[in-house]
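Encoded as C-alpha cells, the structure appears first; notes follow it.
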Amino acid sequence: MYSFIKGKIDSINSTSIIVENNGIGYEIFTPNPYSFEEGKDYKVYVYEYIREDEHSLYGFKEREEKELFLKLIDVKGLGPKMALPIIAFGSINGISDAINRENILYLKKFPKIGDKLARQMILDLKGKLIVSNSIVDDKEDELLEALKGLGYKDKDIKVVIPKVNKENKLEEQIKEALRLLIGK
C-alpha cells in the first residue's frame, strides 16, 4: 500500500492529476485537481483503492484530508467516489463540525448525500472527528474551498475574500467573488 507519492505534475484533468515519478505516470483522483500546477513537484498523500473491478489511487495535498477521506469511506454506503466531492466542496472543520453537531442540512448539500446517508455519517462518525482548535470562519472557509475547486489560485482568492459581503448566502458570495476575480 502507498502512503504518498512525490513527483512532478505531468497533467491535470477535471477529476484527476497525473504525477510523474521515476518515469511512471500515476493517475490520482483528487478533490480539487486544479489546485495543483503542471510542472511543479508535490508530495501527494494517496490511498490505494482495490476492488475486483477497480484499482485506483485517490490523492490529497494534506494528510488531514486523507485522514478525513479514510473515515468517510468507512461509513456504510459511502464509497470513494462519493467521499471525494465532500472533501472538494467542504472544509475539514466544517464537515467535522456538522457531523459532531448532527447538522443534517449541511451534510445534504453535498452531491448524492440524502437524508439517510447524512444520518448514517452522523451515526458512524460522531465523536470520531476532531475540529481544529484554530478559529476559522466557516463561511469564509467554504468560499475559499469553492473558489479553489473552480481552479483559482490561493493568492488571487485571498485578495478577493475580504472584499466579499459576508452577510450574503454562500451562493451569492461565490458570485460576487467571481465578479471580482474576473474583473481583476
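Only one of the listed residues (GLU48, GLU27, GLU67) is assigned to a helix (DSSP H, G or I) and either of a type in the set (D, E, K, R) or under 12 Å from THR15 (Cα atoms) (or both). That residue is GLU67. Of the helices (runs of 4 or more DSSP H) that lie entirely inside the stretch 85-127, those containing 3 or more residues that are surrounded by fewer than 17 Cβ atoms within 10 Å (Cβ to Cβ) and outside the structural domain of LYS148 (by TED's automatic domain parsing) span 115-125. Among the residues in the stretch 121-130, are any within 19 Å of PRO31 (Cβ to Cβ), of a type in the set (Lys, Arg) and at pLDDT below 95? No, because not a single residue in the stretch 121-130 is within 19 Å of PRO31 (Cβ to Cβ), of a type in the set (Lys, Arg) and at pLDDT below 95.
Among the residues making up the stretch 132-157, those that are outside any helix (DSSP H, G or I), modelled with pLDDT under 75 and either closer than 29 Å to LEU178 by Cβ or among the acidic types (Asp, Glu) (or both) are SER132, SER134, ILE135, VAL136, ASP137. Consider LEU68 carefully, then state whether it is outside the structural domain of GLY149 (by TED's automatic domain parsing), surrounded by fewer than 16 Cβ atoms within 10 Å (Cβ to Cβ) and within 22 Å of ALA146 (Cβ to Cβ). When the stated conditions are applied, LEU68 does not pass them.
The values are calculated or read from the model by the stated rules, or taken from the named source; none is laboratory data. Here the structure is a predicted model, which means the values were calculated and not measured. Please note: Cβ atoms are built from the backbone with ideal geometry, for glycine as well, and neighbour counts cover all protein chains shown.
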